[in-house]
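Taking it in order: structure first as structure tokens, then the write-up.
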Amino acid sequence: MNVIVVIPAHNEGKTIGGVVSRTLSHGRVIVVDDYSSVNTDQEASMAGAFMVLRNQINLGYDKSLDKGFAVAASKALKADIIVTMDGDGEHDPADIERIIKPIILNYADIVCGTRPTLSRWSETIFAFYTRLRFGIHDPLCGFKAYKREVYDAVGYFDRSNSIGTELMLTGVRKGYRVANVPIRLHPRADASRFYSSSLRGNLRILKALARGL
């Protein structure tokens, strides 16, 4: 199957090259450089990324993924499966095969990675809600896989700053099947995309939950 991995990246020149090089054996890689002030786009290109899209202004995590999905699902590339993962080295590209397996074996349309632990109390609340309502154990994990038909049915990845959850939740509401797959985590090279401030990060997550209710 045609697997395309979309990696949003902001100021991750130190790590993006290694992430891209370890991902190449699992599919084509599209890196969306979210207006980095360092050489993120150059490192991604030199590491062998199939395509590097550079935002002309800082758009944020969700809009960067939205841009990457639109290209991956286009008639030109025709992805069968679109994978999302982070560019900071936290996710292990070796887990891609396990993430896409439920889709390949046709018992899931969306696969959500499940981290060993959740670092914030707001993530625990979000996960409690989605586990009870949708059977999704770790909605805020950035390591996910989607059958392209899910994206086609919804028409976008995100419109509400949902921290990477809108396509997943909308897809499940439309009747698409979801599976959960445990993943490994490596130490982050930099601060979380949820901000270094604990209060600010928790508030952002709670706002995303409210939008998804």
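Assorted remarks:
- Restricting attention to the range 51-70, the residues that are in a helix (DSSP H, G or I) and under 11 Å from Val5 (Cα atoms) total 3.
- Qualifying residue in the range 148-158 (condition: surrounded by fewer than 15 Cβ atoms within 10 Å (Cβ to Cβ), free of Cβ contacts under 8 Å to residues at least 24 places away in the same chain and under 23 Å from Ser64 (Cβ atoms)): yes
- When we screen Ser37, Ser45, Ser122 for residues that are touching a residue at least 40 places away in the same chain (Cβ under 8 Å) and among the hydroxyl-bearing types (Ser, Thr, Tyr), the only hit is Ser122.
- The residues of the range 15-32 that are assigned to a helix (DSSP H, G or I) and open to solvent by 10 Å² or more (accessible area, probe 1.4 Å), listed by number, are Gly17, Gly18, Ser21, Arg22, Leu24, Ser25, His26.
- Selection from the range 98-138 of residues that are in a helix (DSSP H, G or I), open to solvent by 90 Å² or more (accessible area, probe 1.4 Å) and closer than 22 Å to Val3 by Cβ: Arg98, Lys101
- Of all residues making up the range 163-175, the number that are more than 12 Å from the chain's Cα centre (by Cα) and either in a loop (DSSP other than H, G, I, E, B) or buried (at least 24 other Cβ atoms within 10 Å of the Cβ) (or both): 2
- Candidates Ala76, Ala94 - the one that is in a loop (DSSP other than H, G, I, E, B), open to solvent by 10 Å² or more (accessible area, probe 1.4 Å), over 16 Å from Val31 (Cβ atoms) and not acidic (Asp, Glu): Ala76
- Qualifying positions in the range 139-156 - outside any strand (DSSP E or B) and within 20 Å of Ala127 (Cα to Cα): Pro139, Leu140, Cys141, Gly142, Phe143
Rundown of residues vs (1) touching a strand residue (DSSP E or B) at 6+ places or on another chain (Cβ under 9 Å); (2) buried (at least 18 other Cβ atoms within 10 Å of the Cβ); (3) in a strand (DSSP E or B), yes/no style:
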position: Val6; (1), (2), (3): yes, yes, yes
position: Gly13; (1), (2), (3): no, yes, no
position: Ser37; (1), (2), (3): no, no, no
position: Gln42; (1), (2), (3): yes, no, no
position: Ala49; (1), (2), (3): yes, yes, no
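- Residue count for the range 198-208, restricted to those that are under 17 Å from Arg133 (Cβ atoms) and more than 17 Å from the chain's Cα centre (by Cα): 1
The values are calculated or read from the model by the stated rules, or taken from the named source; none is laboratory data. Since this is a predicted model, take the numbers as computed values, not measurements. Every residue, glycine among them, receives a Cβ derived from its backbone with ideal geometry; neighbour counts consider all protein chains shown. When the accessible area is computed, the model is the full protein with side chains, heavy atoms only, and any ligands, DNA or RNA have been set aside. Shrake-Rupley method; radii C 1.70, N 1.55, O 1.52, S 1.80 Å.
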